[in-house]
Amino acid sequence: MTCHPRRRPMGSGLSLVAATAATLLFQAAARADVAPIEPASLARGPEPQVAYVVHDVIRDGDLRIPVSRKGKHDALWEVTGGYVLRDVNVAPGSRTRLTFVSDTGERREIARSRELMTVTISADGRRIAYQRTVSRTGELTVVTVEDPRTGRILARQRFRLAVVVALDAGRVLLGMRTNWRDPASVWWHYRTGRIQRWYDQAAVRADVPHGRVVFDWPGGGEFCTRVAALSHPRHTLWRSCRMMPHQWSPDGARALATHAYFDARGTTRWWVIGGSSPARELTIAGRLDWHAVWEDDDHFLTLAQGDDGLAAIVRCDLSGSCERASRTWTMPLDPDLYYTSPPVTLAEE
């Protein structure tokens, strides 16, 4: 599942208005029924049961695999035979680098781009689809489907105003012309080269194993989305302009969701909602990371920072009970930034 939070890019800090909004929202979280998470006060639990990067080391169970970087580790995916790591701000003229790291430590650069590369992984981990910008305006991209373990290129195609959303055994789902006229979703059948216009809204997320797709819903407003069945895109399961699903649980019974838009580095809420409805089953609040992942059907992980600046990986269960899944790191508190992440990157689905 592709991950790209729907928030505006940030510079060195928020505007006064946005900073005030962030402060008010955080104060509202403190006044709500759910107390904001303070990582230092939580009991220490087991290590995460998903792969993650700490500083420059991938940790996965007992494995410890050193990795190099020139910028910041931005995202991690588990694939067959190893991992794919995305680094950002790696060098002048090359903003993003993708690297395959084998489970024995060998490294192979996959690609570089002057823009952020959108990445999606097939459910079996055997294929990766990524896109590189090839025009100065950013409108033209090349989408590549590759076997990350061997480096074998399976297909490559140029698209205009497209974003990679999902990948299965023979197709890539792309959202076309999001926030432009004539938006659409298309399937690129990369084995045959056929491009099929599928639906007249642009997909922004999808979970292929559980048959869910999230469309941009411009009729509702700038940050509105509509969730539908992948097999029946006209059938709306739910829609919202305030909340957006991020990742479905392994069994598909639930999803993690957060604000559709919040102009800060972090978010104030993660909700557990139904797999086919926006019904909120659980809320956690605090200075939270934009990224959260399911550890299993009953537990999820995110990063959190307390009012004392101490930050950690946090594990929560479906009852709302949370514990630390890592040591704590002292991170700078800056009211203009709202949240500062510890040096950790959790693997994405």
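Values computed for the structure shown
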read-out: Only one of 256, 230, 237 that is in contact (Cβ under 8 Å) with a residue 24 or more places away in the chain, within 30 Å of residue 35 (Cα to Cα) and not small (Gly, Ala, Ser); value: 256
read-out: Residue match in segment 178-185 (condition: loosely packed, with under 15 Cβ neighbours inside 10 Å, among the acidic types (Asp, Glu) and on the phi > 0 side of the Ramachandran plot); value: yes
read-out: Filtered residues of segment 149-170 (kept if open to solvent by 20 Å² or more (accessible area, probe 1.4 Å) and either free of Cβ contacts under 8 Å to residues at least 12 places away in the same chain or of a type in the set (A, V, I, L, M) (or both)); value: 150, 152, 153, 154, 161, 163, 169
read-out: Boolean, residue 144 is surrounded by fewer than 17 Cβ atoms within 10 Å (Cβ to Cβ) and either over 22 Å from residue 94 (Cβ atoms) or without any contact (Cβ under 8 Å) to a residue 40 or more places away in the chain (or both); value: no
read-out: Subset of segment 114-140 [in a strand (DSSP E or B) and more than 17 Å from residue 171 (Cα to Cα)]; value: 132, 133, 140
read-out: Per-region count, segment 311-330, residues buried (at least 20 other Cβ atoms within 10 Å of the Cβ) and either farther than 21 Å from residue 57 by Cα or in contact with a Ser or Thr (Cβ under 7 Å, 6 or more places away or on another chain) (or both); value: 6
read-out: Segment 299-349, residues that are touching a strand residue (DSSP E or B) at 6+ places or on another chain (Cβ under 6 Å), among the charged types (D, E, K, R) and without any contact (Cβ under 8 Å) to a residue 40 or more places away in the chain; value: 317
read-out: Checklist (1) modelled with pLDDT under 95; (2) surrounded by 15 or more Cβ atoms within 10 Å (Cβ to Cβ); (3) small (Gly, Ala, Ser) applied to residue 219, failing item; value: (2)
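Conditions (1) among the polar types (S, T, N, Q); (2) within 30 Å of residue 203 (Cβ to Cβ); (3) surrounded by fewer than 20 Cβ atoms within 10 Å (Cβ to Cβ), marked per residue:
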residue: 234; (1), (2), (3): no, yes, yes
residue: 245; (1), (2), (3): no, yes, no
residue: 253; (1), (2), (3): no, yes, yes
residue: 276; (1), (2), (3): yes, yes, yes
residue: 289; (1), (2), (3): no, yes, no
residue: 301; (1), (2), (3): no, yes, no
residue: 307; (1), (2), (3): no, no, yes
residue: 348; (1), (2), (3): no, yes, no
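Table: residues versus (1) in a strand (DSSP E or B); (2) in contact with a helix residue (DSSP H, G or I) (Cβ under 8 Å, 6 or more places away or on another chain); (3) more than 14 Å from residue 51 (Cα to Cα).
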{"site": "73", "(1), (2), (3)": "yes, no, no"}
{"site": "77", "(1), (2), (3)": "yes, no, no"}
{"site": "95", "(1), (2), (3)": "yes, no, yes"}
{"site": "104", "(1), (2), (3)": "no, no, yes"}
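The values are calculated or read from the model by the stated rules, or taken from the named source; none is laboratory data. The structure presented is a predicted model; accordingly, all values stated were derived computationally and were not measured. With ideal geometry, Cβ positions are generated from the backbone for all residues, glycine too; neighbour counts draw on all protein chains shown. The area values use the complete protein model at the heavy-atom level, side chains included, leaving out ligands, DNA and RNA. Shrake-Rupley method; radii C 1.70, N 1.55, O 1.52, S 1.80 Å.
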